[in-house]
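The values are calculated or read from the model by the stated rules, or taken from the named source; none is laboratory data. Quantities reported herein were computed from a predicted structural model and do not represent experimental measurements. Note: ideal-geometry Cβ built from the backbone for every residue, glycine included; neighbour counts use all protein chains shown. For the accessible areas, the whole protein counts, side chains as well, though only heavy atoms, and no ligand, DNA or RNA atoms are used. Shrake-Rupley method; radii C 1.70, N 1.55, O 1.52, S 1.80 Å.
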Amino acid sequence: MTEESWHQARLIPTSGINGADEQERRATSALLAVMSSVREFGRVLTQPMGAPAGQLETYIEVPFYLGERRLYPDGLLRAKRGQKEWTALVEVKTGVNVLDAEQLEAYLDIAREQGFDAVVTISNEIPAVAGLHPTKVDKRKLKRVALHHWSWSMVLAEAVLQKEHRGVADPDQAWILGELIRYLEHPRSGALQFDDMGPSWVTTREAVASGTLRPGDKCAPEVAARFDALLRYVSLQLGRKLGDDVTPALSRKELADPEQRSQSLVQSMSTQGTLHGAINIPNAVGPMVVTADLRAGAVTCHIDIAAPRDGRATTRVNWLLRQLRHAPDSTRLEAFVMHGRGAGTAELLRAVRDQPALLIEDPKKELRSFRIALGSPLGSKRARGRGSFIDSVENAINTFYGDIVQDLRAWTAVPPRLRETPEPPDERPSLTSTALSSQDGAESDEAVSLPHSPTSTDQDELVGAGPVEQPTPSLATAGPGTPEQSV
């Protein structure tokens, strides 16, 4: 027998998982045990819920009575620090299983009777908006107990960020966290990736293509929610690669009222046939906007960047071109002028590289900003795989960031330079001032004043004492000021 067929022993094995119950129990025990062992990881998950920064205690299948019923929540979290104690019940689902509203309401009742602070749910369901729970429960039960949700994608992303980028102080704890990551990435763990646009996808897609979708159709809000969930999933995956928090960009009104965001997407689908959203990437020049055109079968990513405030129009276009050295020729560039309305000039990058003046409609008008866009084919299949909607959107976002966004830097003005103090000319003592002045050397030959009427000898000695030329700020020195960031 060769060593190639040997399986390495793992702290959290995926072998021996029989059925959904065993899968759920093993995932729960593994996650909670690592949360209590790796303090940095447990803290990053529980801090947003109000848990104190004390030692985290974790338990599984703790029995409670609710009336005459005996219930077993999947887990329990407890953190103590000083006089403050925080406790939460945990309900876990793996695979395609979804959370049950009746079960959650029973756990909320138990938490209220026991004086616990929260109920935490974990499943593969990704809510459309951060902070929004995927399961609707009676709001009256949330007056004294908070209800939080983690998707397995979020848990895995946080684990990778903590181990690979933020760091774990203890090497043994870092290895333990790596074993949890390895387990959750295995298909048999039940921690699935986002792989389905939902049962209403085909019906909605066909209605959009035929122009028969109406804002009141029941299938449209489900597709809108799945699209926002896809953007959240892609943001988590991109954040894992970049080592930073990447989040969907939402307005304050949309965060306060998620229903408004859903209505906006449904209206956009019914009138224009498009789904749209934006992603915030730390230190990027602006949000990355994603537009999926279901009628045209294309997905487009674009980003706006302010033009430099100095230099001619051609100089400003060249400043942008220097930053697009890795961008494909099919990238579309648009230029907008100051105080202009409507669309600006637009050309493909391949043409602008040869003739920068193509983006300049009127050289006398000052350029205000540029828009950089890249389109690609949009898949139509509901599930993952070749020709799928999910893969085409994810690939478009990753390609646009890698080829374009990570190379863009906002323009910054060059600071003014100190004027060099001119050296005094070699003169006779009678012609030398008593002290140096800021005006020494600034006047021209004709403006030189003498304390007496100059003779021919004096005039010969003053020849060449003219103004000193000063360096002026140049736009060529303005541009990207930080090193490139790699994916």
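Going through the stretch 191-231, which trypsin sites (Lys or Arg not before Pro) have at most 14 other Cβ atoms within 10 Å and a DSSP loop state?
Filter output for the stretch 191-231: K218.
Taking the Cβ-Cβ separation of L418 and N283 as r and a Förster radius of 30 Å, what is the calculated FRET efficiency to the nearest 0.05?
0.50
When the Karplus curve 6.51 cos²θ - 1.76 cosθ + 1.60 is applied with θ = phi - 60°, which whole-Hz ³J(HN,Hα) does each residue of the stretch 86-100 get, with x for Gly and Pro?
Coupling constants for the stretch 86-100: 10, 9, 9, 7, 10, 10, 10, 10, 10, x, 8, 5, 10, 6, 9 Hz.
Could you tell me the center-to-center distance, by alpha carbons, between the stretch 242-312 and the stretch 334-382 in angstrom?
When both Cα centres are located, 18 Å separates them.
For the stretch 390-406, in order, what is each residue's ³J(HN,Hα) by Karplus, 6.51 cos²θ - 1.76 cosθ + 1.60 with θ = phi - 60°, in whole Hz (x at glycine and Pro)?
5, 5, 5, 5, 5, 5, 5, 5, 5, 5, 5, 5, x, 8, 10, 4, 5
Within the P(r) computed for the stretch 7-185, what percentage of the Cα pairs occupies the region above 29 Å?
19 percent
Let's see if you can work this out: charge +1 on each Lys and Arg Cβ, -1 on each Asp and Glu Cβ, no other charges. What is the dipole magnitude of the chain about its Cα centre, in debye to the nearest 20?
Charge dipole of the chain: 2120 debye, to the nearest 20.
What residues qualify as long-range amide H neighbours of G75, i.e. H under 5 Å apart, gap of 5 or more or another chain, H built at 1.01 Å from N?
E61, V62, V90
For a quick check: with amide H placed at 1.01 Å from N, whose amide H comes under 5 Å from I122's, ignoring anything fewer than 5 positions away on the same chain?
When sequence neighbours closer than 5 places are left aside, the close amide H contacts are E91, V92, K93, W150.
From the phi angles alone, apply the Karplus equation (6.51, -1.76, 1.60; θ = phi - 60°) to the stretch 294-305 and give each ³J(HN,Hα) in whole Hz, x where the residue is Gly or Pro.
Listing the rounded values in order: 6, 7, 7, x, 9, 10, 10, 10, 9, 8, 9, 9 Hz.
Averaged per residue, what accessible surface does the chain expose to a 1.4 Å probe, in Å²?
55 Å²
Which cross-chain or sequence-distant (5 or more) residues have an amide H under 5 Å from the amide H of A146, H modelled 1.01 Å from N in plane?
A118, V119
Could you please state how large a percent of the accessible area of the stretch 7-185 is carbon and sulfur, counting protein chains only and using a 1.4 Å probe?
46 percent
With everything on Cα atoms, drop me the angle between helix 313-323 and the longest principal axis of the chain, reported from 0 to 90° to the nearest 10.
For 313-323 against the chain, the angle is about 50 degrees.
Divide by every residue of the chain the summed helix terms, -39500 (n - 2.57) for each DSSP H run of at least 4, and state the resulting mean residue ellipticity at 222 nm, rounded to the nearest 500 deg cm²/dmol.
Result for the chain, helices only: -10000 deg cm²/dmol.
If R₀ is 22 angstrom, what is the calculated FRET efficiency for the pair R325 and A357, using the beta carbon separation as r and rounding to 0.05?
For R325 and A357, the calculated efficiency is 0.65.
Return the subset of K143/K253; K93/K136; K84/K136; K163/K381; K84/K241; K139/K381 for which the Cα-Cα distance in this structure is over 26 Å, preserving the input order.
In this structure, K84/K136; K163/K381; K84/K241; K139/K381 lie more than 26 Å apart at Cα.
Determine by what factor the alpha-carbon radius of gyration of the stretch 199-407 differs from 2.2 N^0.38 Å, reporting the quotient.
Rounded to two decimals, the normalised Rg is 1.09.
Just to confirm the number: angle between the C-alpha axis of helix 258-271 and the first principal axis of the chain, 0 to 90 degrees, nearest 10?
Roughly 80 degrees between the two axes.
Measuring from a point 7 Å past the Cα of T345 along Cα-to-C-beta, which residues in the stretch 368-400 have an amide N at less than 19 Å?
In the stretch 368-400, the label zone of T345 (backbone N under 19 Å from the point 7 Å along Cα→Cβ) covers 368-373.
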